[in-house]
Amino acid sequence: SSPDAPFTGSTNAMAIVLLQYLDASDNVLATYPSALYQPTNGAAPYTPGEWTLLSTRGVAPLGTAYGRTVCALVGNDDAFSGAVWFDDLTQSLVSTGGSSSGLLLNPGFEDNITGNAYDLDAAGELRHWTWGGGDNAGFIVNDYAQAGDQSLVLTWPGNYMLQDFEADPGEQYVISGYMFTPSGADKFTSDSRSYGYIMVAFYIDGAEDPVLENIYMTEHFTASSPADEWVYFCVTSTVPEPVDPLSVVVGRVACTIYSDDPDGDIMLGGIICYDSLSVVKAGSAANPFEEWQTQWFGSTSAANGGLHDHFDGDRSDNWSEFIAGTDPTSDSAFLGMNSTSAAGQKIIITWPSTVGRYYRILGTENKNLTGFEVIASNIAATPFVNTYTSSLPASVSTYYYRLEVSTNAFQ
């Protein structure tokens, strides 16, 4: 909304972006709305003169023939005035066959939409996971992510996100994942009675409860764990060997917050996020690139899934897409820059952003694209889009920019 024509009115007036799926007869099968862009939008009101990102995500239901994106200004408000602009609309395919890491499916909670885990589970939209908790204690969010753009958030002890896998008796399995808490009001706090962990338990022939020896837990994520940092956790487990060799053993992975007395923990508050879980048989643990291959391609030996192959046929090989954090299955997903001019010899540069990456911008006035010099380095990721404003050299009419990305800070 422009400062010269600001969007005003009551909360009945709103702008919105919709993702819709339709069947072959043009019937709408599902609609997924973005957050509302309103004159006053709760804790996040818009600011005239600033672009606000609206995004939504949805799963195409059975019978979908095509999808569409809708930009709309809706509401019933006699006091409405001003205008709202929409720009830079993009679409991307997140997953078609489902992501995996070792024996876990949807290990980063990418294959479903965001929302309340209780509601998603009831609607069958919590892909491959089962929610074991209350109606307002777990959420799939895109506010924080270790990889991809979503994670699981837990807000209270005694709530579980569960997934089962078939285990081989006598074998060892490594269960791993990341936990995180943000700084500020949502930082996890406790008087030490409460903590987060990832666990695995083994059940024989459908038993309702595992024996104590068949439960393995990672180290604890506590109130003293660092904020704003994804911390890696893992535990090695041994599958029990049943007396009956024909027995079936099932492993169950769980993300949870535990407390021996949540009501007595007067400091208990904040959230813990979980992402990038994995279950692999000991001795076959993958390195990060192999885990990425398995997540996107289903295995480390998929056709066109090698280091310097181009799985999606675009100009970036798989290693480059791994480093950039882009979708290697979509030829429209790549690291690239857009630029717009601003007043006072300035250029506004934007590019797609991924958690865990560092960016730097270089520039040169040489049309042969040599002599690049660093303008800004170690720019932190601000998913889904990074923005940087650069001042043009006053003495040149043409200037060239280069964007570089790394998974580690530039030296």
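The values are calculated or read from the model by the stated rules, or taken from the named source; none is laboratory data. Just so you know, these numbers come straight off a predicted model, no measurement behind them. No Cβ is skipped: glycine too gets one built from the backbone with ideal geometry, and neighbour counts run over all protein chains shown. Ligands, DNA and RNA are stripped out before the accessible areas are found, and what is left, the full protein with its side chains, is counted by its heavy atoms. Shrake-Rupley method; radii C 1.70, N 1.55, O 1.52, S 1.80 Å.
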Selection within region 288-302 - open to solvent by 30 Å² or more (accessible area, probe 1.4 Å) and in a loop (DSSP other than H, G, I, E, B): Gly298, Ser299, Thr300, Ser301
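Select from region 101-125 the residues that are of a type in the set (A, V, I, L, M) and without any contact (Cβ under 8 Å) to a residue 12 or more places away in the chain and write down the one among them that is least open to solvent (accessible area, probe 1.4 Å).
Quick first cut of region 101-125, residues of a type in the set (A, V, I, L, M) only: 103-105, 113, 117, 120, 122-123.
Filter once more, keeping what is without any contact (Cβ under 8 Å) to a residue 12 or more places away in the chain: 122-123.
Details: Ala122: 89, Ala123: 69 Å².
So, considering only residues that are of a type in the set (A, V, I, L, M) and without any contact (Cβ under 8 Å) to a residue 12 or more places away in the chain, the one least open to solvent (accessible area, probe 1.4 Å) is Ala123.
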Within region 187-207, can you find the residues that are of a type outside the set (Ser, Thr, Tyr), open to solvent by 10 Å² or more (accessible area, probe 1.4 Å) and closer than 23 Å to Asp260 by Cβ? Lys187, Asp191, Arg193, Met199
Where in region 303-408 are the strands (runs of 3 or more DSSP E), entirely inside, with at least 3 residues that are among the hydrophobic types (A, V, I, L, M, F, W, C) and open to solvent by less than 80 Å² (accessible area, probe 1.4 Å)? 346-352, 373-380
Condition met for Tyr232 (in a strand (DSSP E or B) and either among the acidic types (Asp, Glu) or surrounded by fewer than 14 Cβ atoms within 10 Å (Cβ to Cβ) (or both)): yes
Can you tell me which condition Ser25 does not meet? The list is (1) open to solvent by 40 Å² or more (accessible area, probe 1.4 Å); (2) within 25 Å of Asp149 (Cα to Cα); (3) modelled with pLDDT of 80 or more; (4) assigned to a loop (DSSP other than H, G, I, E, B), and all the others hold. (2)
Which numbered condition Trp156 misses (of (1) surrounded by fewer than 22 Cβ atoms within 10 Å (Cβ to Cβ); (2) assigned to a strand (DSSP E or B); (3) modelled with pLDDT of 90 or more; (4) not acidic (Asp, Glu)): (2)
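Does region 71-79 contain at least one residue that is more than 16 Å from Val59 (Cβ to Cβ), of a type outside the set (Ser, Thr, Tyr), out of contact with any helix residue (DSSP H, G or I) (no Cβ under 7 Å at 6 or more places or on another chain) and crowded, with 22+ Cβ neighbours inside 10 Å? Can you show your working first?
If we filter region 71-79 for residues that are more than 16 Å from Val59 (Cβ to Cβ), which is where we start, we get 71-79.
From what is left, the residues that are of a type outside the set (Ser, Thr, Tyr) are 71-79.
Checking the rest, the ones that are also out of contact with any helix residue (DSSP H, G or I) (no Cβ under 7 Å at 6 or more places or on another chain) come to 71-79.
Filter once more, so that each one left must be crowded, with 22+ Cβ neighbours inside 10 Å: none.
No, that holds for no residue.
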Pairs, please: C-beta under 7 Å, at least 6 apart or cross-chain, first residue over 19 Å from Val355 (Cα atoms) and in region 178-195, second open to solvent by 10 Å² or more (accessible area, probe 1.4 Å) and of a type in the set (Asp, Glu)? Arg193/Asp260; Arg193/Asp261
So, of the residues in region 1-22 that are out of contact with any Leu (no Cβ under 7 Å at 6 or more places or on another chain), surrounded by 14 or more Cβ atoms within 10 Å (Cβ to Cβ) and not in a loop (DSSP other than H, G, I, E, B), which turns out to be modelled with the lowest pLDDT? Thr8
Given (1) at pLDDT below 95; (2) surrounded by 18 or more Cβ atoms within 10 Å (Cβ to Cβ); (3) part of a strand (DSSP E or B), number of the condition Gln163 does not satisfy: (1)
